[in-house]
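Chemist: Mind having a look at this structure? Questions to follow.
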């Protein structure tokens, strides 16, 4: 593992957690073999992350929490 790699936990087939490098390689992304290492709207929604909008005007998507920086 190289210095600076971001590590996290990923559920394995047995239901326990393995430590993995979160940065997917270009080959993994293109092949679609490690989509769990890539943050996408779908897998963030499935993990119950709440989307937020940070700015001085309200977001167009009214389902997002708005952090007003005014």
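Chemist: Restricting attention to segment 47-70, which residues are exposed (fewer than 10 other Cβ atoms within 10 Å of the Cβ) and at pLDDT below 70?
Modeler: 47, 48
Chemist: Related question: Name the residues in segment 3-22 that are surrounded by 10 or more Cβ atoms within 10 Å (Cβ to Cβ) and at pLDDT below 75, would you?
Modeler: Selection gives 5, 22.
The values are calculated or read from the model by the stated rules, or taken from the named source; none is laboratory data. On a predicted model such as this, the values are computed, not experimentally measured, just so you know. Reconstructed Cβ throughout: ideal geometry from the backbone, glycine too, with neighbour counts over all protein chains shown.
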